[in-house]
2 protein chains.
Amino acid sequence: MASRDKAKRGIPSKEDFNLWYPAIVEIADLVDKRYPIKGMDVWKPYGWKAMMLIDGLTRAEMDRTGHEEYNFPLLVPEDLLEKENKLVSLLKMAREQGVDPSELRLDEDDAGFKKEVYWVKHAGENELDLPMFLRPTSETPMYTMFPLWVRSHSDLPLKTFQIVNTFRYETKQTRSFIRVREIHFFEAHTAHKDQSGADAQIKEDAIIVQNLLHDLCFPALISKRPVWDTFPGAWYSNAVDVVMPNGRTLQVATYHHYKDQWAKAFELKYEDVNGETKFCHQTTFGMSERMLGAIVGMHGDDSGLIFPPKVAPIQIVIMPVAEHLDDNVILKVKNIAEQLHSNGYRVRVDDRDIRPGAKHYDWEIKGVPIRIEVGPRDLKSGQFVMTLRTGGKDSHDSNLLLEIVSQAIGDIESELRQRSSEHMKKFVVKFPGITETDNGWKLNSPLEEGKVYEFAFDGNDSHAEILEKATGLTFLGDCSEPYSEPQPCVVTGKMTTNKQHLARMY
Amino acid sequence: MASRDKAKRGIPSKEDFNLWYPAIVEIADLVDKRYPIKGMDVWKPYGWKAMMLIDGLTRAEMDRTGHEEYNFPLLVPEDLLEKENKLVSLLKMAREQGVDPSELRLDEDDAGFKKEVYWVKHAGENELDLPMFLRPTSETPMYTMFPLWVRSHSDLPLKTFQIVNTFRYETKQTRSFIRVREIHFFEAHTAHKDQSGADAQIKEDAIIVQNLLHDLCFPALISKRPVWDTFPGAWYSNAVDVVMPNGRTLQVATYHHYKDQWAKAFELKYEDVNGETKFCHQTTFGMSERMLGAIVGMHGDDSGLIFPPKVAPIQIVIMPVAEHLDDNVILKVKNIAEQLHSNGYRVRVDDRDIRPGAKHYDWEIKGVPIRIEVGPRDLKSGQFVMTLRTGGKDSHDSNLLLEIVSQAIGDIESELRQRSSEHMKKFVVKFPGITETDNGWKLNSPLEEGKVYEFAFDGNDSHAEILEKATGLTFLGDCSEPYSEPQPCVVTGKMTTNKQHLARMY
């Protein structure tokens, strides 16, 4: 029966993650991909609710840390880009040539930015005098306004964020939540008096990330990206990578230290306590619907999704189990639902007139963490039956409902955290080493497909290039958790605590 | 002192509403209009918070009535418009020629729709094969998907909504919240088995509107728009008009009965219980940031905004009043804040080291409903001083804090409702009548600028045209509250209970 139900719904085995993922996001009714623009899905209520719950966790963290929510226009006039283009070109050339950016002259057409945006050049029947584009991210619109708001040191720090739709003209293959063309996006932008203010913000961002990962019940690799993979205009970029079940890493968050680089381009200055004019130091922090993609990928199984309780659109489904309609059972089910609802749980009663097995599979697919059933016999014995989506089914005393459910929520979270950290251990393995031969650098043993390789590294950019070429994988950057004891660098042999990962990134 | 503070902040008198309104939305920090695209303001945190609280009331009503929240893509491929264009042209021509729409042949270029949208014809460096536009509203994207979701009667009713950004290429003068080019928009779209299902939905929408108006503390004129002012594609349109302080009406909500007209254009069909294929009947319901514009306009005064408590970003500001820093006073202030916060109020402590007068003016401008002050003397007597933004200042027993505040919130709401209904009575006046002379129709007495005229009407379209021409005003349509006793129609003299209004609309 079970396998027939599953087959009917067409869930592939999660072993074949590249089939399973696109199937489950539609079978579980998170999105509908049949909208006639590739990479622009329709969010169905169940998926949108999950996303709003994730946003809710983010907003709570923003509130805790004194960020305020703004909402900037979607459209950006092209001429505002000039400052940004200058900055990006400047930094790129400075890096390439190893010189001070201020000594460089700029070619305005240098920035690659324009290749990735949707353009609005027409409105009604008119061609616009000045083309506009749909924001891919909001540095330009925001930093156009910041200098109007920041005048003196008392206006700082300025801690802003917004949750908006952004757009990227993707030419690669699109995937729901992971690579889309309209992106549900969170971005925080801050301005500070000096570098140490921005440093402190980066530390705060790291804690916010940890809090969110804790609530979503999965671990991530946090790395300072290599210079060549730093966000345009950033001094340095930190990235949060989740290791998905196919071994690919998914960048779900980034936070960047901008130093005063953008501030100089946008003339974001303030008067300090001594009346001197100084440039602000800035940071940004971005996350997106990829977080939901990570939840789907990390926690789901062959039977469907498993939602971490904090962001489960339905936390508990309650169903009567009786051969015939039994008013007392229905009453008990409603009473349990009411008790849980009034204690803040997101609850659904399923009293559809279909086989219990069919209901079970529905809610399994949708990843509802807890299922409660009550039948005539349970009613007599003053009990209810509770099944956890992570496994386990037991009868419990009805009088202890709230304690039992609260405990179960905690148990499910612990179980998900344990599973995902085991998953990570399975996927992140030691790099086999590399040796220089007469025919160039050779791996000491062949690599496995779908693994992330960890190793000590103390080389320079050309050593990194050797590794990327030999493996076909990408450097994630300096890991935020270095080795406790120095290890030999895999290329130079020098002792170092610097930990690196090579991975295939989404 | 008071007048100096006000003068400094540059609040014009509300008597001159057309000066006051654009000034106060910036002085109270709801938006910043300096973004370099006209009609696209930056939402500041205070304004955005108010808007999100309004959205919260809307979502609660949607939840109560079983609507589910979706999120559709912003971009719409041009070819999807074909069906809509056909429908709109068809209905327009049918109306003009008084014939059955199904007998008409269509000119594809007829629809005026394309004149009001922003076009995306380029992405990156490519010209797109198929142009897309930014949604001005979502009939087309939604009704493209609905037929994929509705198959049988058991899929109905389908009750959907979304809260999203929409775009209109406005060529008229823009005004914050009232006429903008990026619109924060709510839209509900429903599909039903038959006309009576859609009829019931229209009734439900009317109740939702009343609930929202109650929470926002102002009345509105609700009218069934005349045929010539019906939304394209609708069978009929109901509109909710607020009478603003300059006497102009602001349409803040509309709900439309589509019958099966759109369903036929988009082939939205279902199989009924007897296995017969039928077309759905549909409705839509739209609201926007205009609701915030109405709050600003209806409740504000010469000192600034007055927020109805339900959507006040800060409901209560609490401040210590002491010549010197007094730890006990600070402690008491924090204690009051904590009590109120844990009872669900939105609270702000203002312990800035500036004159109390300056603080008062700040919070008056921002329209915070309740101000609580505690000084050393209050502390001794176990009291606090409470000032209502609508007027009134008194000392109260600290032990009764929660009762007093709860009562005050109710009092402020009642006061606002009374003020706005008196305002409406002042602005909505009896039409002086009109007489046919040898030189055409003449008003019996000249009209006053800035009034809405009410009258009984039983004429036809050409009678209505006579009235619009003679007055230079616009018909709002059949009022939802007709006369209790028949009155003579102002043109034909026939007795009727049909009530109409002529107004200058925003």
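Odds and ends about this structure:
- Per residue of peptide B:31-38, the mean number of Cβ atoms on other chains within 10 Å of the residue Cβ is 5.
- Phi to ³J(HN,Hα) by Karplus 6.51 cos²θ - 1.76 cosθ + 1.60 over segment B:233-245, Hz, x for Gly, Pro: x, 8, 6, 8, 10, 9, 10, 10, 10, 9, 8, 7, x
- Across B:K115/B:K494; A:K114/A:K469; A:K269/B:K121; A:K115/B:K38, pairs whose alpha-carbon gap is larger than 32 Å: B:K115/B:K494; A:K269/B:K121
- Ranking A:S480, A:A470, A:G382 by Cα position along the charge dipole of chain A, where only Lys, Arg, Asp and Glu carry charges on their C-beta atoms, puts A:G382 farthest toward the positive end.
- Charge-dipole axis of segment B:116-213 as Lys and Arg at +1 and Asp and Glu at -1 on Cβ define it, positive-most pick from B:S176, B:L148, B:A198: B:S176
- In plain terms, the residue of B:Y46, A:Y143 with the fewest other Cβ atoms within 10 Å comes first and the most crowded comes last, giving B:Y46, A:Y143.
- Three-way shape call for segment A:348-401 based on the alpha-carbon gyration tensor, with the a/c threshold at 1.5: oblate
- Table column - 3J(HN,Hα) (Hz), segment A:174-184, Karplus curve with 6.51, -1.76, 1.60, x for Gly and Pro: 8, 9, 3, 6, 8, 9, 10, 9, 10, 10, 7
- Under a model in which nothing but the beta-carbon of Lys, Arg (+1) and Asp, Glu (-1) is charged, segment A:431-503 shows a dipole of about 80 debye around its Cα centre.
- Cα-based shape type of segment A:113-199, given that a ≥ b ≥ c are square roots of the gyration tensor eigenvalues and the cut on a/c is 1.5: oblate
- As a rough guide to protection, the peptides A:273-280, B:174-181 ranked by mean Cβ packing within 10 Å, highest first, stand as B:174-181, A:273-280.
- Mean per-residue shielding of peptide A:45-52 is 3, counting Cβ atoms of other chains within 10 Å of each Cβ.
- Amide H to amide H distances under 5 Å link A:D301 with A:I306, where only residues 5 or more positions off or on other chains count and H is placed in the peptide plane.
- Rounded if a/c under 1.5, otherwise prolate or oblate - segment B:325-377, Cα gyration tensor axes: oblate
- 3J(HN,Hα) along segment A:334-347: 5, 5, 4, 4, 5, 4, 5, 4, 6, 9, x, 7, 8, 10 Hz, from the Karplus curve 6.51 cos²θ - 1.76 cosθ + 1.60 with θ = phi - 60°, whole Hz, x for Gly and Pro.
- Near the amide H of A:V321, within less than 5 Å, lie the amide hydrogens of A:V374, A:G375, all on another chain or at least 5 residues away, with H placed in the peptide plane.
- For the protein assembly as shown, the residue among A:L292, B:P356, B:P36 whose Cα projects farthest onto the positive side of the dipole built from Cβ charges is B:P356.
- Approximate spin-label separation B:E485-A:D194, in nm, with each point projected 7 Å along Cα-to-Cβ: 8.2
- Per-residue ellipticity at 222 nm, computed for chain A from helices alone with -39500 (n - 2.57) per DSSP H run of at least four residues, works out to -11000 deg cm²/dmol.
- The ranking of A:H189, A:H184 from fewest to most other beta carbons within 10 Å of each one's beta carbon is A:H184, A:H189.
- Peptide B:130-138 shows a mean partner chain C-beta count of 2 within 10 Å per residue C-beta.
- To the nearest ten degrees, helix A:461-471 and the longest principal axis of the Cα atoms of chain A are 40 degrees apart.
- For B:T496, distant residues with modelled amide H under 5 Å away: B:Q487, B:C489
- Residue exposure sequence - A:E170, A:E289 - by fewest surrounding Cβ within 10 Å: A:E170, A:E289
- Charged side chains reduced to their Cβ positions (Lys and Arg at +1, Asp and Glu at -1) give the protein assembly as shown a dipole of some 620 debye around its Cα centre.
- Degrees, to the nearest 10: A:356-365 long Cα axis against longest axis of chain A: 10
- Exceedance of the 31 Å cut-off in Cα-Cα distance is limited, within the set B:K193/B:K224; A:K224/B:K33; A:K366/A:K426; A:K14/A:K359; A:K193/A:K224; A:K44/A:K499, to A:K224/B:K33; A:K44/A:K499.
- With label points set 7 Å from Cα along Cα→Cβ, the inter-copy distances at B:V429 are 8.7 nm, sorted shortest first.
- With Cα atoms, 0 to 90° folded angle of helix B:290-299 axis to chain B main axis: 50
Values quoted throughout were computed directly from the atomic coordinates according to the rules given, and no laboratory measurement underlies them. All values derive from a computational prediction rather than experimental measurement. Every residue, glycine as well, gets a Cβ built from its backbone with ideal geometry; the counts of neighbours run over all protein chains shown.
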